[in-house]
Amino acid sequence: MKTYKIAVIGGDGTGPEVTVEAVKVLDAAAAKFGFKTEKTDFDFGGERFKRTGETLPDSAVEEMKKFDAILLGAIGHPDVKPGILEKGILLKMRFALDQYINLRPVRLFPGVECPIKDKGPEQIDYVVVRENSGDAYTGTGGITMKGTPNEVAVQSAVYTRFQVDRCLRYAFEYALRHGKKARGKGTENTLALVGKTNVLTFIYDLWERAFHEMGQKEYPDIRRDYYHVDATCMWMVKSPEWFDVLVTGNLFGDIITDLGAMTQGGMGIAAGGNINPEGVSMFEPIGGSAPKYTGKGVINPLAAICAMQMMLETLGQDKAGAKIEEAVKFVTANKLKSLAAGKMGFTTSQVGDMVAQKVAE
Ligand code: IPM
Ligand code: MN
């Protein structure tokens, strides 16, 4: 029987509450679909940082390489200055393990209230492939003449052809396998590049050339579209049904996926995968650590459970992933009053129980 080694980093705030529920669902899926898991908990996060001054030591990064996948709850602590934990744990992990794809589905589940009038699950059903290793996230830049009236701050968006190509390849392959045609939901698989070729004439020129070259040569059957990022925000609200698979740089991907999350019912349901297709990937609910709800048993665990679904799909357990998705849809359609913390009509652990039970059926 296949055994997967899973590292679990609950992290800060409500993180540990939601990872417990995701693991509950993982256990139900393992029993049902005939695989085993070995879970190891790690205590990286704000509390450990306050105690030891340590974020994510290099030795921990090495240790993570021995796992098949990582589940992360949330990072961010009210007593720790913003940036320290985010950079020291989350971004360090993404970079050190070269998780160069951030896969973020934007999917409205049945029964979930959508803030956009007249849009339902049929209309909001697309995926953002966010590049996860470059752009303004590389720390390239600096400040000179600090504190003087002439102070200069530079923070460069950086992309290499190599980074762009490997991300595009993943996105084309993803569109081929999971695009709307592949899923029986349309007549074509479409990959759209989201950029800003009218202003960022270096970076998005590179992306656009690489996009069309690869598409023309290797993926002629995938339709190619292009949107400026500002227009993308408009269409995400006005006509989200146009989208299938979107690919974009790190910073634009960060921004548009928060908008996407709101259109799919909020941070309670939005999940993401930090993927290294050749290495160890890390899955997380994309909402924060929600300090004000911590320890109350009211936070929605579905985003963490959907992160678990993505983990299983990435590990090749497609049937288990599909079953989790079905179970989550059952719970949103028939059980939850709302996806919002404290308004679900159930506690965090009751929601986990309901999904786990449905997976076991
Ligand atoms: C995200 C978050 C992170 C990011 C922060 C916490 C560093 O916003 O995962 O989207 O900007 O990538
Ligand atoms: Mn973000």
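The values are calculated or read from the model by the stated rules, or taken from the named source; none is laboratory data. Fair warning: this is a prediction, and the values are worked out from it, not measured in the lab. Cβ atoms come from the backbone with ideal geometry, glycine included; neighbour counts cover every protein chain shown. Please note that ligands, DNA and RNA were not included when accessible areas were found on the heavy atoms of the full protein model with its side chains. Shrake-Rupley method; radii C 1.70, N 1.55, O 1.52, S 1.80 Å.
Taking the Cα of PHE202, stepping 7 Å toward and past its beta carbon, and measuring to each backbone N in the stretch 116-145: which are under 19 Å? Counting backbone N atoms under 19 Å from the label point, the list is 133-144. Dividing the alpha-carbon radius of gyration of the stretch 1-130 by the rule-of-thumb value 2.2 N^0.38 Å gives 1.24. The alpha-carbon atoms of the chain define a convex hull whose volume equals 151 cubic angstrom per residue. The listed residues PHE252, PHE330, once ranked by accessible area (1.4 Å probe) with the largest placed first, stand as PHE330, PHE252.
Fully extending the segment from LYS65 to ALA360 would add 103.1 nm, taking 0.36 nm per residue of separation and subtracting the current Cα-Cα distance.
For the chain, the carbon plus sulfur part of the accessible surface works out to 53%, probe radius 1.4 Å. The GluC sites (Glu not before Pro) of the stretch 139-231 that DSSP puts in a loop, and whose beta carbon has at most 13 other beta carbons within 10 Å, are GLU151, GLU188. Rolling a 1.4 Å probe over the heavy atoms of the protein chains gives the chain an accessible area of 44 Å² per residue. Annotation: lysines with alpha-carbon distance below 23 angstrom to LYS81 (same-chain offsets under eight excluded): LYS50, LYS92, LYS146, LYS292. Of SER59, SER133, the order by accessible heavy-atom surface (1.4 Å probe, DNA, RNA and ligands excluded), from most exposed downward, is SER59, SER133.
Sequence-ordered 3J(HN,Hα) estimates for the stretch 253-262 from the Karplus curve with 6.51, -1.76 and 1.60 and θ = phi - 60° stand at x, 4, 6, 5, 7, 5, 4, x, 4, 5 Hz, glycine and proline given as x. With the chain treated as a Gaussian network of Cα nodes joined by springs under 10 Å, which of ASP118, ASP98, ASP135 yields the largest mean-square fluctuation? Sorting by GNM fluctuation, first place goes to ASP118. Counting every C-alpha pair in the stretch 67-180, the share spaced more than 17 angstrom apart comes to 71%. Converting the Cα gyration tensor eigenvalues of the stretch 131-232 into ellipsoid dimensions via √(5λ) gives semi-axes, longest first, of 35, 13, 12 Å. Distance between the pseudo-spin-label points of GLN350 and TRP242 (7 Å out from Cα toward the beta carbon): 4.2 nm.
In this entry, the stretch 233-361 is assigned a mean projected area of 9.1 nm², taken as a quarter of its C-alpha convex hull surface.
About the centre of its Cα atoms, the stretch 1-132 shows a dipole size close to 200 debye [charges on the beta carbon of Lys, Arg (+1) and Asp, Glu (-1) only; nearest 20 debye]. Remark: for residue pairs LYS181/LYS335; LYS36/LYS319; LYS87/LYS296; LYS36/LYS337; LYS24/LYS181, the C-alpha separation exceeds 26 Å in LYS181/LYS335; LYS87/LYS296; LYS36/LYS337; LYS24/LYS181.
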